[in-house]
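A.B. asks: There's a structure below that I have some questions on.
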Amino acid sequence: MPLLDIKNLTLEIETANGWVKALDKINLSMEANEVRALVGESGSGKSLVVKSIVGAINEGWQLTADRMNWRGQDLLGLNQSKRRNVVKDEIAVIFQNPVSSLDPTASLGEQLEETIPDFLIGRGWFWQRRQRRKQLVTRQLQKVGIKNHDLCLKSFPHQIPDDICQKFMIAMALVSEPKLLIADDPTRGMETTTKGQILKLLARLNQTKGLSILFVSHDLLAISSMAQTMTVLYCGQTVEAGRLKKLRKRPLHPYTKALLDSAPSFSKDLLPKSDLSALPGTIPTLQHLPTGCRLGPRCPRAQKECVKIPSMRRIHEHHYSCHFPLHRPIR
Amino acid sequence: MTYYLLRRLNLLIFTLLVLCLASFYLAFLFPGDELTNLSGVRFSTESERLQSFEYYQFDQGAFLQFIRYLELLWQGEWGISFASNEPLLQEISTFLPASIELSAYALILSLLIGIPLGFIAGLNHNKLTDYTIFSVSLLGYSVPVFWLALLFIIVFALQLGWFPISGRLSLLYDIPHQTGFIILDILRSDLADKGEAIKDAMLHMLLPTLSISIVTSTIILRITRRSVIEVMSQEYIKAAYTRGLNHSQVIFRHGIRNAILPIMPQLALQFTTLLTNAMIVETIFSWPGIGNWLIQAIYQGDYPAIRAGMLAVAGLVVIFTVSIDIMHKLIDPKRLNRQRVKI
């Protein structure tokens, strides 16, 4: 049984021009002990997927799906608060912008302590519980590599540097010992050595504690070092999903190919001073979404049929949605 | 922080200086003799006038005159009133506490009504509760204070007879003037039945306080509601929910503090409106406060009193605003916010 199983997740947002599908039929499933990468360029709806899963979307947005299960339990029938109740100790989230997801008027220690679930503290007098809480908090900060933890716990979010704040968010997410960690760009703004530490920590937790990780990022290099599977999003549509190695070796969707080509570290035979490949144009805004396959206007292989939404096709575990995939020649 | 304090104090001192200058200039603007307007003494002989002329250093330039005026203000010689021939500072210290008392109770009452209702409305944004509270607040907002005060007198004092019509205390009680705050004075007096006296003072206080605080509490309600709506849509509130906190935990640990902090200076600004309204209401209820006293002074053409009263009231407002600013800075954890370089 998959841990998280989402089929045809659609999120509609009301804009001045009427309702817009910010997410259009997203499919995502997570097995236990799996590290899945969710990639896509900025504005492709990665963060919206994260927010939809944990129920942190704005009121008034329409969320529909054919299926949205957490360990076999249907989440769709529940309202936001009940859904949060079901997943609160088992799914942890690292949000994209660490400073804005921390309360500016509460000290970091206060915020970390309130996140600790009761079962980790156990029973005892209040001073024993308080001591236990302090221990847990300190150990957690050491784990993510914050050395000056006493100072950090006393500080307010605006007083610490952004990368420490990011590490703190990771500590906060891991404190409840979740089954699934959803990390929305967890290594953003970090220098390479710190990034390495964090990725190592996540990989170790995945191997020793069986933590599943949904790794949302556009840092392909970081992802390829730890993820086993990958889902590629473009403009709110699932483009391609499958084993990471297969996807890297033989992408079927033109967008995946373009994405992989755009990362220089992935194409080793790139000559010095040669042009980097990139798709023409930019990702469309929510107000000007093309019909059908949203890649259409930018796609090098686009044909007449592309104005219809391609259905999800499958080769073994490799899913893709394209009318003219790369392994088939164009007529 | 020291720098901030210095800047605020600097602002305070300069504003007070400008106020002093304005009040000094008023003496020249008012009809009649400048020296009379300044000192409040109507001179009968030329030698008296000459004495005053030297006392106020009118034989020297305008700047030195002003310096002398500041010196006299500092020494407490604000001149005397035309109407009562009493020293003005003494008069003001009798009447101003009554106004401060009335405004303070009205402010506390408005905060007690406005903030909780604002929170209820903000937390139920776009629901029936919100609409109801908001519409009722619009009604309270648009009612003129003097009309409301008269209505209160007609209904509750004249028709129903629940409350006294005017004044601060029944004439049965003779309370010596000590601090000027009636409740304190009663407690410090050697009256036999203090409880009865306090009850009587409260009954006198209720209608004026209520008529002032209805307008202010609707303003506070609106400010609070807006702030609550904004805070509750912040990213960190959603993040707190996803960390497994329930509704009341989120509101009490993260919502309230974040919503109250930014509106504190705005609430302080309402004190000015409140004091103005208090002055109007004082006249209607014959409350022996500074507003009533000032309006009497205007009717009687008591120019020194107008000058001194304006200085006292404006000074009070300035000092209050600056101290709220400083207090806000002291309790706001973001006060140590130094600009960092962003990469």
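The values are calculated or read from the model by the stated rules, or taken from the named source; none is laboratory data. Nothing here was measured: the structure is a model prediction, and the numbers come from that model. Cβ placement follows ideal geometry from the backbone for every residue including glycine, while neighbour counts extend to all protein chains displayed. For accessibility, only protein heavy atoms count, side chains too; no ligands or nucleic acids. Shrake-Rupley method; radii C 1.70, N 1.55, O 1.52, S 1.80 Å.
A.B. asks: How many of the residues making up region A:304-331 are over 22 Å from residue A:28 (Cα atoms) and surrounded by 15 or more Cβ atoms within 10 Å (Cβ to Cβ)?
C.D. replies: Total meeting the criteria: 3.
Yes/no per residue for (1) under 30 Å from residue A:178 (Cβ atoms); (2) in a loop (DSSP other than H, G, I, E, B):
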residue: A:224; (1), (2): yes, no
residue: A:247; (1), (2): yes, no
residue: A:252; (1), (2): no, yes
residue: A:257; (1), (2): no, no
residue: A:260; (1), (2): no, no
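A.B. asks: Could you tell me which residue of region A:46-80 is modelled with the highest pLDDT, considering only residues that are open to solvent by less than 10 Å² (accessible area, probe 1.4 Å) and away from every other protein chain (no Cβ under 13 Å)?
C.D. replies: Top of the filtered list is A:49.
A.B. asks: Oh, and also: Being buried (at least 16 other Cβ atoms within 10 Å of the Cβ) and hydroxyl-bearing (Ser, Thr, Tyr) is the filter; apply it to region B:36-46 and report the residue that is farthest from the chain's Cα centre (by Cα).
C.D. replies: B:36
A.B. asks: While we're on this one: For region B:286-300, check the following and say yes or no: at least one residue is farther than 29 Å from residue B:69 by Cβ, out of contact with any Leu (no Cβ under 7 Å at 6 or more places or on another chain) and open to solvent by 40 Å² or more (accessible area, probe 1.4 Å).
C.D. replies: The answer is yes; a qualifying residue exists.
A.B. asks: Also, I was wondering about something else. Please determine whether any residue of region A:163-180 is touching a Phe, Trp or Tyr at 6+ places or on another chain (Cβ under 9 Å), away from chain B (no Cβ under 14 Å) and not small (Gly, Ala, Ser).
C.D. replies: No, that holds for no residue.
A.B. asks: Hey, another quick one. Looking at (1) surrounded by fewer than 16 Cβ atoms within 10 Å (Cβ to Cβ); (2) away from chain B (no Cβ under 14 Å), which one does residue A:117 not meet, given that it meets all the others?
C.D. replies: With respect to (1) surrounded by fewer than 16 Cβ atoms within 10 Å (Cβ to Cβ); (2) away from chain B (no Cβ under 14 Å), residue A:117 is out only on (2).
A.B. asks: Which condition from (1) surrounded by 15 or more Cβ atoms within 10 Å (Cβ to Cβ); (2) more than 10 Å from chain A (Cβ to nearest Cβ) is the one that residue B:230 breaks?
C.D. replies: That leaves (1) as the condition not met.
A.B. asks: Hey, another quick one. Which helices (runs of 4 or more DSSP H) does region B:229-343 wholly contain that include 2 or more residues that are closer than 30 Å to residue B:1 by Cβ?
C.D. replies: Passing ranges, in order: B:235-242, B:256-285, B:303-331.
A.B. asks: Would you check if residue B:215 is touching a residue at least 24 places away in the same chain (Cβ under 8 Å), out of contact with any Cys (no Cβ under 8 Å at 6 or more places or on another chain) and open to solvent by less than 60 Å² (accessible area, probe 1.4 Å)?
C.D. replies: It is true that residue B:215 is touching a residue at least 24 places away in the same chain (Cβ under 8 Å), out of contact with any Cys (no Cβ under 8 Å at 6 or more places or on another chain) and open to solvent by less than 60 Å² (accessible area, probe 1.4 Å).
A.B. asks: Among the residues of region A:81-91, are any more than 21 Å from the chain's Cα centre (by Cα), within 14 Å of chain B (Cβ to nearest Cβ) and at positive phi?
C.D. replies: no
A.B. asks: Follow-up. Quick check, is residue A:160 more than 30 Å from residue A:71 (Cβ to Cβ), of a type in the set (Val, Ile, Thr), open to solvent by less than 80 Å² (accessible area, probe 1.4 Å) and more than 9 Å from chain B (Cβ to nearest Cβ)?
C.D. replies: Criteria met by residue A:160.
A.B. asks: Quick check on residue A:135: is it open to solvent by 70 Å² or more (accessible area, probe 1.4 Å) and either of a type outside the set (Lys, Arg) or within 11 Å of chain B (Cβ to nearest Cβ) (or both)?
C.D. replies: yes
A.B. asks: With respect to residue B:275, is the statement that it is facing chain A (nearest Cβ under 10 Å) and among the hydrophobic types (A, V, I, L, M, F, W, C) true?
C.D. replies: Taking the combined requirement at face value, the residue does not satisfy it.
A.B. asks: For region B:249-265, which positions are more than 9 Å from chain A (Cβ to nearest Cβ) and open to solvent by 60 Å² or more (accessible area, probe 1.4 Å)?
C.D. replies: B:252, B:262
A.B. asks: Still on this structure, I have one more. Inspect all residues belonging to region B:175-196 and state whether any of them is in a loop (DSSP other than H, G, I, E, B) and within 14 Å of another protein chain (Cβ to nearest Cβ).
C.D. replies: So far as region B:175-196 goes, no, none of its residues is in a loop (DSSP other than H, G, I, E, B) and within 14 Å of another protein chain (Cβ to nearest Cβ).
A.B. asks: Turning to a different aspect of this structure: Going by the structure shown, is residue B:164 in contact with a His (Cβ under 6 Å, 6 or more places away or on another chain) and of a type outside the set (Phe, Trp, Tyr)?
C.D. replies: Taking the combined requirement at face value, the residue satisfies it.
A.B. asks: Restrict the check to region A:277-299 and report whether at least one residue is touching a strand residue (DSSP E or B) at 6+ places or on another chain (Cβ under 7 Å) and open to solvent by 70 Å² or more (accessible area, probe 1.4 Å).
C.D. replies: Yes, because at least one residue in region A:277-299 is touching a strand residue (DSSP E or B) at 6+ places or on another chain (Cβ under 7 Å) and open to solvent by 70 Å² or more (accessible area, probe 1.4 Å).
A.B. asks: Also, quick follow-up: Which helices (runs of 4 or more DSSP H) sit wholly inside region B:47-165 and have at least 3 residues that are at pLDDT 85 or above and over 22 Å from the mean Cα position of the chain (by Cα)?
C.D. replies: Those helices (runs of 4 or more DSSP H) span B:88-123, B:128-142.
A.B. asks: Looking at B:161, B:167, which one is without any contact (Cβ under 8 Å) to a residue 24 or more places away in the chain, surrounded by fewer than 15 Cβ atoms within 10 Å (Cβ to Cβ) and of a type in the set (Gly, Ala, Ser)?
C.D. replies: From the options B:161, B:167, the qualifying one is B:161.
A.B. asks: For region A:245-257: of the residues being touching a helix residue (DSSP H, G or I) at 6+ places or on another chain (Cβ under 7 Å) and open to solvent by less than 10 Å² (accessible area, probe 1.4 Å), which is modelled with the lowest pLDDT?
C.D. replies: A:247
A.B. asks: Moving to a separate point now. Considering only residues of region B:174-212 that are acidic (Asp, Glu) and at pLDDT 75 or above, which is most open to solvent (accessible area, probe 1.4 Å)?
C.D. replies: Step by step, filter region B:174-212, then rank; the result is B:190.
A.B. asks: I need the full set of residues from region B:1-24 which are touching a helix residue (DSSP H, G or I) at 6+ places or on another chain (Cβ under 7 Å) and either part of a helix (DSSP H, G or I) or among the small types (Gly, Ala, Ser) (or both), in order please.
C.D. replies: B:4, B:5, B:8, B:11, B:12, B:15, B:16, B:19, B:20, B:21, B:23, B:24
A.B. asks: Six or more apart or on different chains, Cβ under 6 Å: which pairs go from a residue in region A:96-107 that's more than 7 Å from chain B (Cβ to nearest Cβ) to one that's among the hydroxyl-bearing types (Ser, Thr, Tyr) and open to solvent by 10 Å² or more (accessible area, probe 1.4 Å)? Could you list them?
C.D. replies: Sorted first by the residue in region A:96-107, then by its partner, the pairs are A:96/A:47.
A.B. asks: Taking residue A:35 and the conditions (1) within 14 Å of chain B (Cβ to nearest Cβ); (2) open to solvent by less than 20 Å² (accessible area, probe 1.4 Å); (3) of a type in the set (Val, Ile, Thr), which numbered condition does it fall short on, given that it satisfies the others?
C.D. replies: So residue A:35 meets the others, but not (1).
A.B. asks: Oh, and also: Quick one: in region B:25-35, which of the residues that are in contact (Cβ under 8 Å) with a residue 60 or more places away in the chain and in a helix (DSSP H, G or I) is least open to solvent (accessible area, probe 1.4 Å)?
C.D. replies: Only one residue fits best here, namely B:27.
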